[in-house]
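Any read-out appearing in this document is the output of simple, stated calculations on the displayed coordinates, not a laboratory observation. Everything quoted here is computed from the prediction, not taken from an experiment. Note: ideal-geometry Cβ built from the backbone for every residue, glycine included; neighbour counts use all protein chains shown.
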Amino acid sequence: MLLVGCCGWCLGRQRYYTSFDVVELQETFYDMPDEDKLRSLRGEAPEGFRFTMKAWQAVTHPPGSPTWRRARRRVPEELAGRYGNLRTTKENLEAWEIVASAARALRAALVVVQTPPSFGASEENARQARDFFEAVRTRDFLIGWEPRGSWLRSPELIERVIGSLDGIVHVVDPFRAWPAVEREVVYFRLHGIGRGEVNYKYRYTDQDLEALCSKVRGALQASRDVYVMFNNVYMRDDAARFSSLCKGAADAK
């Protein structure tokens, strides 16, 4: 099945529910997830609508990272070195348990774990990532790892990290990379084309969306579900155009 949505609410929620199949919540990244709010969201959404969410940055981004500037609540300063970068410290695993509990309240299909470019491809970081994913994987939801930076040039290292770990999906932008490990679920996050790893101001052309549809058809040959999540300034319009172009053709594969 092809599922099309956006990374964040780009419409009022009631309109969004009737326009798209899935939303990826972003507020769960910047601040500790609010379990009650997520349970309420799940309750208001129509049957069959899917939620995914981005993991709290305490797990992935050290407290000195620029993304923490938007956080309303920070981790204790004296423990800052024990958070982020997929550490398996007591503090980081406790932060993950907050994420996991929130994901269960939301009944999230997948939690995106996005590591920063500073957590680059290396033997040490690969070992650290594998230890983390081994410790936290669950049957309650899928975990989607989106490694950034130099990992894009090291698919073989990504395969070594998650290749034998069921329930861990390699999240990619299909215009820049392809999943290093084949799974029953594919999760694409689209950040624009050109200008490095992200180009949020990019508006996808009709030719881009046709090429994306072709990629999706290929992915559906080997996978049960393919998520296509737009994460650019024009995500509402681009996602709607892509859905109109590709939905029927992809579902009729």
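A few comments on the model shown:
- Extreme residue, positive dipole direction of the chain, given options Gly48, Gln26, Met1 (C-beta unit charges): Gln26
- Sites Glu44 and Asp166, calculated FRET efficiency, Cβ-Cβ separation with R0 30 Å, nearest 0.05: 0.40
- Gain on full stretching of the segment that runs from Lys90 to Arg73 - 0.36 nm per residue minus C-alpha separation: 4.2 nm
- Neighbour-count ranking [beta-carbon atoms within 10 angstrom, fewest first] of Asp173, Asp140: Asp140, Asp173
- Placing unit charges on the Cβ atoms only, positive for Lys and Arg and negative for Asp and Glu, gives the chain a dipole magnitude near 420 debye about its Cα centre.
- Residue order, fewest to most beta carbons within 10 Å, for Leu11, Leu3: Leu11, Leu3
- With Cα atoms, 0 to 90° folded angle of helix 235-251 axis to the chain main axis: 60 degrees
- The label point for Arg127 and the one for Lys247, both projected 7 Å from the Cα toward the Cβ, are 4.9 nm apart.
- Those residues of the stretch 220-237 whose amide nitrogen sits under 17 Å from the label point placed on Arg15, 7 Å along Cα→Cβ: 233-237
- Proxy reagent accessibility, fewest Cβ within 10 Å first, across Ser243, Ser19: Ser19, Ser243
- Prolate/oblate/rounded call for the stretch 74-114, Cα gyration tensor, a/c under 1.5 rounded: prolate
- Between the stretch 3-61 and the stretch 88-145, the alpha-carbon center distance in angstrom: 18 Å
- Rounded to the nearest 0.05, the FRET efficiency derived from the C-beta distance between Gln207 and Ser118 at R0 = 30 Å is 0.30.
- Normalised contact order of the chain, rounded percent, pairs of Cα under 8 Å and 6 or more residues apart: 20 percent
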